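The values are calculated or read from the model by the stated rules, or taken from the named source; none is laboratory data. Note that the structure is a prediction, hence the values are computed from the model and not measured. Cβ sites come from the backbone with ideal geometry, for glycine too, and all protein chains shown count toward neighbours.
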Amino acid sequence: MKNYYIFFFLMLLFSCQSAKKNDTKENLQAHTVDVKYAQGFSIEYHDHFKLLTIHNPWQGAENIQYQYALVTDEKEDLMIPAGIKKIVVPLNKVICLSTSHVAFLDVLNETESIVGVSGTNFVNNQKLQKKISQNEIVDVGYENHLNYELIAGMNPDIVITYGVGSEVSSYNQKLNDLGIETMIIPEYLETHPLGKLEWIKFIAALYDKEDEAALYFQKVENEYNLLVDLVSTTKKKPKVLFGLPWKDTWYVPGGNSFLAKMVDDAGGDYIWRENNSRESIPLDIEHVFVEANNADVWLNTGTVKHKHEIVKIDDRFKDFNPFMHSRIYNNNLLQNEWGGNDYWEKGTVEPHIILKDLIKIFHPELLFNHTLVYYRSIN
């Protein structure tokens, strides 16, 4: 009889361990969310948690990955694999270091969760500006000049960060050392405008608002693709130049960037479309003068609002053919008094509206009734 009880106990222990192993295996094999355009993230839904993965979150990053397990109860033992950070959702208090992230939260009706931003003057969102004026949202500094003591005192659920280079990992680590969770969201690296917008699915998972995000994304995607179809039969494509020089160097978008893609979708011919970089290309001014001398449209000219300001930057522009004959448009129509540009904020979640602007500029006959929203004509 004694041997029977021992045998029974061992069988019960083995069954529990097997169930535990099976549960772990089940948690690691889950439904993966369909991501159509974005390349920088993936989402998996497991029985008891959501697994969010961010891939290569800054320029030049290779084989860099961050993973987060979203749970509803931090104390519950869900056997989450080692090395994966656990975050309790939905979030209640966040700090945003990029205004584009503010726009995502606005679409999801979650701006009330924002308690701090980087650069309060650069925020265009009117709801947030009201809270900023009432000191309900504070400026936490930027990049290597973050106010760590202030952030720690605010005790946020998470700080949503971004960075152009690998230095973002250093100030993220400083925050982590203070017990503050961080998450790099690099939507700006996406090569498709809808890929940038698709990060709303990722952010929505932090608030349990996946359905709202999916509906908004589908609406914008449908309208964007209808506009692409509208211009698909146009034969004459204007040659397009971007930007202005900075300290004798002219940074133009790579041919695999979201800007190049948007020009193509709007029926334009981007001058450096053959370049396969998704990042900006540094060129000397003389090279741009030669390559872009036949540009029909000149876009995104910094902070310029009037044509004479271009000559002040460099007197040689007086003899630059696009300055004399091209149509010049800047994306700063919705820029506030401190220089905050809504093109980089709300425009992130409205690629279809920006596409309309570009079609209006390139092929005005196709959108006769459209009034420019983000762009202004530079005369």
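A few points about this structure:
- Pairing residues of segment 170-181 that are in contact (Cβ under 8 Å) with a residue 12 or more places away in the chain and closer than 15 Å to Ile95 by Cα with residues that are of a type in the set (Asp, Glu) and assigned to a helix (DSSP H, G or I), at Cβ distances under 8 Å and at least 6 apart in sequence or on separate chains, gives Tyr171/Glu143.
- Residue match in segment 206-216 (condition: under 30 Å from Pro253 (Cβ atoms), in the same structural domain as Leu146 (by TED's automatic domain parsing) and small (Gly, Ala, Ser)): yes
- Here Gly267 meets each of (1) more than 14 Å from Pro245 (Cα to Cα); (2) surrounded by fewer than 22 Cβ atoms within 10 Å (Cβ to Cβ) with one exception, condition (2).
- Enumeration of residues in segment 304-339 that are more than 26 Å from Asp269 (Cβ to Cβ) and either surrounded by fewer than 20 Cβ atoms within 10 Å (Cβ to Cβ) or among the basic types (Lys, Arg) (or both): Lys305, His306, His308, Glu309, Val311, Lys312, Asp315, Leu334, Asn336, Glu337, Trp338, Gly339
- Subset of segment 187-231 [among the β-branched types (Val, Ile, Thr) and closer than 26 Å to Tyr68 by Cβ]: Thr191, Ile200, Ile203, Val220
- Applying the criterion of being in contact with a Lys or Arg (Cβ under 7 Å, 6 or more places away or on another chain) and not charged (D, E, K, R) to the residues of segment 68-108, the residue that is farthest from Glu345 (Cα to Cα) is Ile80.
- Total residues in segment 310-357 satisfying the condition of being of a type in the set (A, V, I, L, M), closer than 26 Å to Pro193 by Cα and either in contact (Cβ under 8 Å) with a residue 60 or more places away in the chain or not assigned by TED's automatic domain parsing to the domain that holds Met262 (or both): the figure is 4.
- For segment 241-253, a residue qualifies if it is buried (at least 20 other Cβ atoms within 10 Å of the Cβ) and not in a strand (DSSP E or B), and the qualifying residues are Leu244, Pro253.
- Among the residues of segment 206-227, those that are surrounded by fewer than 23 Cβ atoms within 10 Å (Cβ to Cβ) and hydrophobic (A, V, I, L, M, F, W, C) comprise Ala213, Ala214, Leu215, Phe217, Val220, Leu226, Leu227.
- Test: residue in segment 196-217 that is hydrophobic (A, V, I, L, M, F, W, C), touching an Asp or Glu at 6+ places or on another chain (Cβ under 6 Å) and under 23 Å from Lys85 (Cβ atoms): yes
- Cβ pairs under 9 Å, 6+ apart, first in segment 366-379 and part of a loop (DSSP other than H, G, I, E, B), second exposed (fewer than 12 other Cβ atoms within 10 Å of the Cβ) and acidic (Asp, Glu): none
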